[in-house]
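The values are calculated or read from the model by the stated rules, or taken from the named source; none is laboratory data. What you are looking at is a predicted structure, and each value in this text was computed from that prediction instead of being measured. Note: ideal-geometry Cβ built from the backbone for every residue, glycine included; neighbour counts use all protein chains shown.
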């Protein structure tokens with residue numbers, strides 16, 4: 001009988017090592033915190049979010065998100081724009097958009113290096129296994145924006161592939177009797193869903 005604990009331990013060690021490699025490169029390239037890096041990626045895909053919504057997507061409270069936006073604004077990476085009423089949107093500057101692209105490239109380089117050890121059939125098998133795990137993680141976390149906050153969205157749906165996280169969210173929304181679900185993929189702040197292979 002297979003030892004599930006060993007598999008879980010190998011997954012944990014791999015996840016931690018991969019996270020360390022990806023985040024070190026990403027935050028160094030961006031010159032920001034992990035949350036700041038994630039915010040730049042999120043804003044590149046969905047410019048004009050409120051501070052509160054941006055915080056939700058990167059896993060921060062509203063006060064913490066406001067401090068993060070202050071820091072990014074001071075660095076010239078984002079700007080606040082007034083909207084109707086008290087609404088204030090956050091948009092990446094040209095420098096912020098460049099930083100997000102640089103950061104995603106710095107994140108992707110070590111990840112590509114890791115999977116290069118696998119041959120093509122192993123990479124295809126890993127794709128399927130990772131999609132299955134991400135579907136399970138979406139069921140646990142329930143927030144596609146949070147799960148994909150540092151994703152290279154174009155890379156995820158390259159060649160017509162469907163993002164498993166975005167698909168999980170669409171499936172959840174479809175299965176809810178009243179049709180309500182998260183806003184990821186159905187109006188509101190769901191512009192990012194289109195980039196997740198709808």
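You will find that of 130, 134, the residue that is closer than 19 Å to residue 58 by Cα and at pLDDT 90 or above is 134 and no other. Please work out if residue 146 is in a helix (DSSP H, G or I), touching a helix residue (DSSP H, G or I) at 6+ places or on another chain (Cβ under 6 Å) and in contact (Cβ under 8 Å) with a residue 12 or more places away in the chain. Here the answer is no, as residue 146 does not meet what is asked. The listed residues are 23, 49, and the only one of them that is in contact with a strand residue (DSSP E or B) (Cβ under 9 Å, 6 or more places away or on another chain) and surrounded by 11 or more Cβ atoms within 10 Å (Cβ to Cβ) turns out to be 49. Could we say that residue 12 is surrounded by fewer than 16 Cβ atoms within 10 Å (Cβ to Cβ), assigned to a loop (DSSP other than H, G, I, E, B) and not assigned by TED's automatic domain parsing to the domain that holds residue 141 here? Against the criterion (surrounded by fewer than 16 Cβ atoms within 10 Å (Cβ to Cβ), assigned to a loop (DSSP other than H, G, I, E, B) and not assigned by TED's automatic domain parsing to the domain that holds residue 141), residue 12 does not qualify. Take residue 39 and tell me if it is farther than 24 Å from residue 114 by Cβ, touching a helix residue (DSSP H, G or I) at 6+ places or on another chain (Cβ under 6 Å) and surrounded by fewer than 20 Cβ atoms within 10 Å (Cβ to Cβ). Criteria not met by residue 39.
Does the range 55-62 contain at least one residue that is without any contact (Cβ under 8 Å) to a residue 24 or more places away in the chain and either crowded, with 20+ Cβ neighbours inside 10 Å or in the same structural domain as residue 141 (by TED's automatic domain parsing) (or both)? Within the range 55-62 (the criterion being without any contact (Cβ under 8 Å) to a residue 24 or more places away in the chain and either crowded, with 20+ Cβ neighbours inside 10 Å or in the same structural domain as residue 141 (by TED's automatic domain parsing) (or both)), the answer is yes, since at least one residue qualifies. Every test in (1) touching a helix residue (DSSP H, G or I) at 6+ places or on another chain (Cβ under 8 Å); (2) in a helix (DSSP H, G or I) is passed by residue 76 save one, and that test is (2).
Any residue at all in the range 98-115 that's outside any helix (DSSP H, G or I), touching a strand residue (DSSP E or B) at 6+ places or on another chain (Cβ under 7 Å), in the same structural domain as residue 39 (by TED's automatic domain parsing) and surrounded by 15 or more Cβ atoms within 10 Å (Cβ to Cβ)? Within the range 98-115, none of the residues are outside any helix (DSSP H, G or I), touching a strand residue (DSSP E or B) at 6+ places or on another chain (Cβ under 7 Å), in the same structural domain as residue 39 (by TED's automatic domain parsing) and surrounded by 15 or more Cβ atoms within 10 Å (Cβ to Cβ).
With respect to the stated conditions, residue 17 is modelled with pLDDT of 90 or more and part of a helix (DSSP H, G or I). The condition (being modelled with pLDDT under 95, under 21 Å from the mean Cα position of the chain (by Cα) and at positive phi) is satisfied by just one residue among 36, 108, 85, 59: 59. Among the criteria (1) free of Cβ contacts under 8 Å to residues at least 60 places away in the same chain; (2) over 18 Å from residue 15 (Cα atoms), the one residue 112 does not fulfil is (2).
Before we move on, is residue 29 on the phi < 0 side of the Ramachandran plot, free of Cβ contacts under 8 Å to residues at least 40 places away in the same chain and part of a helix (DSSP H, G or I)? Here the answer is no, as residue 29 does not meet what is asked.
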